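Everything on this sheet refers to the single structure shown next.
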Amino acid sequence: MKVFDVVLNGDITIVPDLDIYDRVGRGIAHDEYIPFSVVKGRLYYNEEESDIRGGRIRVEFIKSYRDNPKINAIAVMKGKLEDAPKLPPLASEPETDEIRVEEEEKKTNKNRRPSGPRTPDPYSVDDTSIMLPVFVAIGAFIPLLFCLCKL
């Protein structure tokens, strides 16, 4: 549900409407490889170019028609696209025997009871409601006492 645009230096949209869930599914990492070049203080992507101000490349994630953008990491590397590390393949599904063993372990863990005495709940007795009338009486009595002393 997080669909957003990726923009370089405020004027070059490099990935429009990025929807990671649509591309790879739920709970799976996604890498987006964007080849660009920097020559004499100018950033070049496809046929577009932009000035680099202060020696920094600004990457923006623009909210689209859905939820706010979210990323976990960004890396900028010098070199060719072929030199960039790729995501490893997904691990294969465990065999059914391994799943059965894990389910049996979960069942045995449910029957365990914690050892030791039961600790009392520190929030079960709330004494603040008893002290409220005392504070109101003191708060009203002290100003009254000062007024009577000035007379």
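The residues neighbouring Glu49, those whose beta-carbon lies less than 13 Å from its own, together hold a net charge of -2 under the Lys/Arg +1, Asp/Glu -1 convention. For Phe135, the accessible area of its heavy atoms, probed at 1.4 Å with every protein chain present, is near 130 square angstrom.
In a simple Cβ point-charge model (Lys, Arg +1; Asp, Glu -1; nothing else charged), segment 1-89 has a dipole of about 380 debye relative to its Cα centre.
Kindly state, to the nearest 0.05, the FRET efficiency for Asn68 paired with Asn46, given R0 = 41 Å and r defined as their beta-carbon distance.
Values: r = 27 Å, r/R0 = 0.66.
My answer for the efficiency is 0.90.
Could you tell me what percent of the accessible area of segment 17-94 is made up of carbon and sulfur, with a 1.4 Å probe and every protein chain present? Whole-percent figure for carbon plus sulfur exposure: 50.
Here the Karplus curve 6.51 cos²θ - 1.76 cosθ + 1.60, taken at θ = phi - 60°, turns the phi angles of segment 138-147 into couplings of 5, x, 8, 6, 5, x, 5, 5, 5, 5 Hz, with x standing for Gly and Pro.
The values are calculated or read from the model by the stated rules, or taken from the named source; none is laboratory data. Since the structure is predicted, the reported quantities are computational estimates derived from the model, not experimental observations. Because the Cβ atoms are built from the backbone with ideal geometry, glycine has one as well, and the counts that use them run over all protein chains shown. With ligands, DNA and RNA removed, areas are computed over all heavy atoms of the protein, side chains included. Shrake-Rupley method; radii C 1.70, N 1.55, O 1.52, S 1.80 Å.
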